[in-house]
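What follows is a single structure, written as structure tokens, with notes after it.
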Amino acid sequence: MNTIPFRIQTIEDYKNAYKASVDNPENFWDNIASNFIWKKKWSKTLEWEFISPQVKWFVGGELNITENCLDRHLEEKGNQVALIWEPNDPNEISLQYTYKELLSEVNKMANVLKGMGVQKGDRVCIYLPMIPELAFATLACARIGAIHSIVFAGFSSNAVADRINDAQCAFVLTSDGMNRGAKQIPVKSVVDEAMANCPTVQKVLVINRLNWNVHMDLHRDIWYHEAVNQVNDLCEATAMGSEDEMFILYTSGSTGKPKGVVHTCGGYMVYAGYTFANVFQYNPGDVFWCTADIGWVTGHSYILYGPLLQGATTVMFEGVPTFPDPGRFWQVIDKHSVNIFYTAPTAIRSLMASGVDHVLSYSLHSLKLLGSVGEPINEEAWHWYHTHIGKGKCPIVDTYWQTETGGVMISGMGGIHPQRPSYAGFPIPGIQLILVDADGNEIEGNGVEGNLCVKFPWPSILRTTYGDHERCRINYFATYKNLYFTGDGARREEDGMYRLLGRVDDVINVSGHRFGTAEIEDAINQCKKVIESAVVGYPHDIKGQGIYAYVILEHSENSNDQTRDEIIESVVEHIGKIAKPDKIQFVGGLPKTRSGKIMRRILRKVAEGEINSLGDTTTLLDPKVVDEIISSRL
Ligand code: WT7
């Protein structure tokens, strides 16, 4: 059985596929979807409108994604390794699961979940480090039709509680603690703290990672290693409607709290499988390693679902790039003979800064293809990656996409297209991009720039934001009529290649992770000494963008490092360490328009050090605050 029949391998294939996808999208996706196993075939390929919005793919079809990820491979690949787990500590033994073993683990986990009372449609919050049980749990939810909401294990208890409450989760999965480089970090106690504010949670399943003696609530908490002894490893895959909700993943927007992006079963499966095969030009037998955390969408689509749908061998890494030394990635590549390596520019830049000596002790000869995701890859990082990691022989595929898109939208497709550092590449067949001006008019032709939108649905477009469809409409479909708006600016070059120009909304991208400025400001404002704050991004050598906070204090005599620490602590408490401001400048006032709107453009320029090009400041309520901000800038 060929699971990769829709492979696009040449420029000609690409052109033909692209044309077919535009001429007759239904037919194009019908063909691709037919390569998966359906419990019931769909009756209608697509129903859509981008006003409410409402998008339905493979209407009337029934499937279970885990049957496509696991069961379907048993006959030919039952004894092939599906998952390689590499621990944080190189001296701890790495684990491998064949397709047969992985299915068995997933079924056991599924049976434990069922035993706890988890049913189809229930929301399950998964707050776990990168241990094999995270993979089992995610797939186990999908197997029984529970909706997983994975929360990155670096988020604080407040952030976890917000997400649990928003999705009304009755079940939480966690671990005693986690490894992170040389440190061991509590995990269960973060959940315990969150539980004080999470009335919907009935049961918490705890995985033993560190043999810690954590607090267990007699009525609520269950040890996985005890529960798993009570179950067998058979569990039938629940039939899911194509449009049944499959998972929720929280992501930041320009306003309010993070929103729960919802993906559905049929379309997500088809697009994750299709893009994995084509973007990475995966060949049977290849070992694929995506270094993301499964807590982000990259990990959902390209550690778990995409690779498993194609019967691949996928690597899951518990650790960090710099432990025990900055050669760790390269050591793991040699150890597991990784063929395709997918990471983020921020990781490349930080390893580049540690010096090339850490690379030289490894051969890296197994590598065939390199990938990049999260932000544009700058020229310097691209060349370092190409020369020192790819040894000049591996194509680099940049991959532009979003939590909301479910899978890659723009890419070099495994080197089919010409590669140019800092360019994302060409749209994947099936993706109809359009650039518009501020009024929503299409900007036609090439050699142009505008706001990046998509004018036709693809199977894994987000369906809603959990519990608040209006928010989905306003965020993505209301800015420009009849278009999905990405929030990014882009340039289309003469040859049709796309270059992403960054967010055009109040979202900043720190190390490939998204934060709303409002979200960080809220966290800063929780600090008692603070009256008001404004947050902007600024160029940061390693992180891509750093977080620059302008803060007005109640008493200016508190303008000191202790207050800075308290502000940082407040952000850590409300969001997590990943959102710590890099710079905190105390100011007496913020540049506001007469209507009270903060002029972030000016704050951004100051943070970037471009104080000579502030533009028009005459519309400000008090133009003098700008001088003060400039004179005390960091
Ligand atoms: C935002 C999405 C799904 C990828 C991981 C981040 C930026 C992402 C690229 C790229 C330029 C990129 C965009 C996008 N972005 N990849 N290859 N080139 N920009 O997912 O947290 O949903 O963030 O990340 O600004 O809108 P996310």
Can you list, by residue number, the Cys in the chain that have no neighbouring cysteine C-beta under 4.7 Å?
Cys69, Cys141, Cys198, Cys235, Cys265, Cys290, Cys394, Cys453, Cys472, Cys527
Using every pair of alpha-carbon atoms in the range 277-385, split the distances into 10 Å bins beginning at 0 and state the percent of pairs per bin, rounded to integers.
14, 49, 33, 4
At 1.4 Å probe size, with no ligands or nucleic acids counted, give the accessible surface of Thr255 in Å², nearest ten.
80
39 Å tail of the calculated P(r), the chain, as % of Cα pairs
28
Shape of the range 410-461 from its Cα gyration tensor (a ≥ b ≥ c, root eigenvalues): rounded if a/c is under 1.5, otherwise prolate when a/b > b/c, or oblate?
oblate
Scaled radius of gyration (Cα, divided by 2.2 N^0.38 Å) that the range 97-241 gives:
0.98
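DSSP beta bridges in the range 97-241, what fraction antiparallel, as a percent rounded to 5?
Roughly 20 percent of the beta bridges in the range 97-241 run antiparallel, per DSSP.
What 222 nm value per residue comes from the helices of the chain, counting each DSSP H run with n ≥ 4 as -39,500 (n - 2.57) and dividing by all residues, nearest 500 deg cm²/dmol?
Numbers: 20 runs with 175 residues, N = 634.
So the helix-based figure for the chain works out to -7500 deg cm²/dmol.
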Could you give log10 I(q)/I(0) at q = 0.10 Å⁻¹ for the range 514-631, computed by the Debye formula over C-alpha point scatterers of equal weight, without solvent?
-0.28
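Exceeding 32 Å between C-alpha atoms, which entries from my cross-link table qualify? They are Lys19/Lys543; Lys114/Lys188; Lys15/Lys391; Lys455/Lys577.
Working: Lys19/Lys543 38 Å; Lys114/Lys188 22 Å; Lys15/Lys391 30 Å; Lys455/Lys577 37 Å.
Pairs exceeding 32 Å: Lys19/Lys543; Lys455/Lys577.
Could the peptides 492-505, 272-285 be put in order, highest first, of the mean number of other beta-carbon atoms found within 10 Å of their residues?
Values: 492-505: 16.6, 272-285: 23.6.
The peptides rank, most packed first, as 272-285, 492-505.
I want the antiparallel fraction of DSSP beta bridges within the chain, as a percent rounded to 5.
Numbers: 63 of 102 bridges.
Percentage antiparallel, nearest 5: 60.
The values are calculated or read from the model by the stated rules, or taken from the named source; none is laboratory data. Please read all numbers here as calculations on a predicted model, not as lab measurements. Using ideal geometry, Cβ is built from the backbone for each residue, glycine included, and neighbour counts are taken over all protein chains shown. Side chains are part of the model used for accessible areas, which takes the heavy atoms of the whole protein and leaves out ligands, DNA and RNA. Shrake-Rupley method; radii C 1.70, N 1.55, O 1.52, S 1.80 Å.
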